[in-house]
1. What is the diffusion coefficient of region A:12-216 in µm²/s, taking the Kirkwood radius over Cα pairs and the Stokes-Einstein relation at 4 °C with a viscosity of 1.567 mPa s?
2. To the nearest 20 debye, what charge dipole does chain A have about its Cα centre, counting +1 at the Cβ of each Lys and Arg and -1 at the Cβ of each Asp and Glu?
3. What does the structure give for B:115-123 when I average, per residue, the other chain Cβ atoms found within 10 Å of the residue Cβ?
4. Take chain A, connect every pair of alpha-carbon atoms lying under 10 Å apart with a spring to form a Gaussian network, then pick out the residue of A:31, A:130, A:109 with the largest mean-square fluctuation.
5. Using a 10 Å cut-off around each Cβ, can you sort A:156, B:74 from fewest to most neighbouring Cβ atoms?
6. Just the Cα atoms of region B:55-103, one point each, no solvent: what log10 I(q)/I(0) does Debye give at q = 0.22, 0.30 Å⁻¹?
7. State the percent of C-alpha pairs, over all pairs in the protein assembly as shown, separated by a distance greater than 31 angstrom.
8. Apply the a/c threshold of 1.5 to the C-alpha gyration tensor of region B:10-50 and tell me whether it is rounded, prolate or oblate.
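What follows draws every value from the coordinates through simple rules; no lab data is involved. Note that the coordinates shown come from a computational prediction; the quantities given were computed from them, not determined experimentally. Note that each Cβ is placed from the backbone with ideal geometry, even for glycine, and that neighbours are counted across all protein chains shown.
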Amino acid sequence: MTGTPTSIGLDTAGMAKRLADDIHDAWYVNLGVGLPTEVANYVTEEREVVFHSENGILGMGPTPGDNEIDPWLVNAGKKPVTLRPGASLFHHADSFAMIRGGHIDLCVLGGYEVSQAGDLANWTTPSGDLMPAVGGAMDLAVGAKRTWILMRHTTKDGQPKLVETCTYPLTAPAAVDRVYTELGVFEIRDGGLHVVSLSEGLDLETVQARTGATLHA
Amino acid sequence: MIDKRVASLTEALEGIGDGATVMIGGFGAVGQPDALVDALAEIGPRDLTIIANNAGWSAETGISHLMARGLVRKMICSFPKGSEVFKSLYTAGKIELEIVPQGTLAERIRCGGAGIPAFFTATGYQTKLSESKETREFDGRHYVMERSLTADVALVEAWKADRWGNLIYRGSSRNFNPIMSMAAQLTIAQASEIVDGDGLEPNAVVTPGIFVNRVVQVESRVDDLLRAQKAS
């Protein structure tokens, strides 16, 4: 049923919350810019999750009020943030040693396409952007212990984003462990997409029709 | 006696010529030594290669200002989006761009300062950014060889400095500054405060003075930092 826009399943807040529910206590977590950043709002207080920012912060807290902004403290999206007790600050080589050295438990990124083999495309378009930019996406995708993608299940015009083979330029091959969309949660293992859960009220047939690769129940 | 303090931005920037490769610290506006960069734009050396994470954020100050003056030939960075000046120059074919994954950029600079000519990383394997680069398999995993980066000059921002060139930083302004300080022939630091007497507390020093050649005191541009936060 490609070509049909998806208007079923969770809203973006629901997607962020669904992913947040799977984050464990005491994990060190890097959240990408955009929708992944929203995940922090849904990690409940009984878990102590330490948020990492590429620009040299462990232990990021919520956005400050207008009168509490520290001009010298921003997140990877260059927005003001706060520090939680136990936070630390460091330089870029240490920050990416945390990422590339496999010390970060989880990174959450957005995606243009994810293949059934776990290939990730999320940094540039096939025609090449007017102006390419990569940031830390390639480092995070290969370096974190787990890479989870939080994205819409289809494009705005209804094309599947979970595919057999990526058509977009790769960010990293075989890097993705899980994909969270408005329609469900999918695990990538043994070269295939396995359904962890489907959003309330949806059946496999409905979700499969919006997916470009075979879903294994 | 060692005294790396200089009295003015012009004095701090003495000796930077046409064609120089210049590392500029900062992540967005935080930690970017805008007073030094703006003073460099006034001096006006041409055909510069700039190594920085971003391509600036405002045509009035910093890296974008340098570009708006037509002084930059090539940009080596991870994320040039957000700079309208860079975008218009790039789309008009007036500036070269080398895109580097952010962690690879940091490690290339760190290695440059540590005397390591090249290294292998899994980042970028089987992507457009590793085309034509040597690859190698270690213990069943594939890696790309990356060359280190050095520069003629590094411009960095610190929170506090002393006459020995020791530096400490504030908040998230550390970012690329400590590693760039290590990777250049001439490292010039601007600091909000240069402490007198016995200098900075040794336990607190982040960048040891051996990596720093000149320090100059400038007032922090708090309004610019807040404007940059709003613009992003």
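1. For these conditions, the coefficient is 74 µm²/s.
2. 340 debye
3. 3
4. A:130
5. Sorted ascending by nearby Cβ count, the order is A:156, B:74.
6. -0.69, -1.22
7. Tail of P(r) above 31 Å: 42 percent of Cα pairs.
8. oblate
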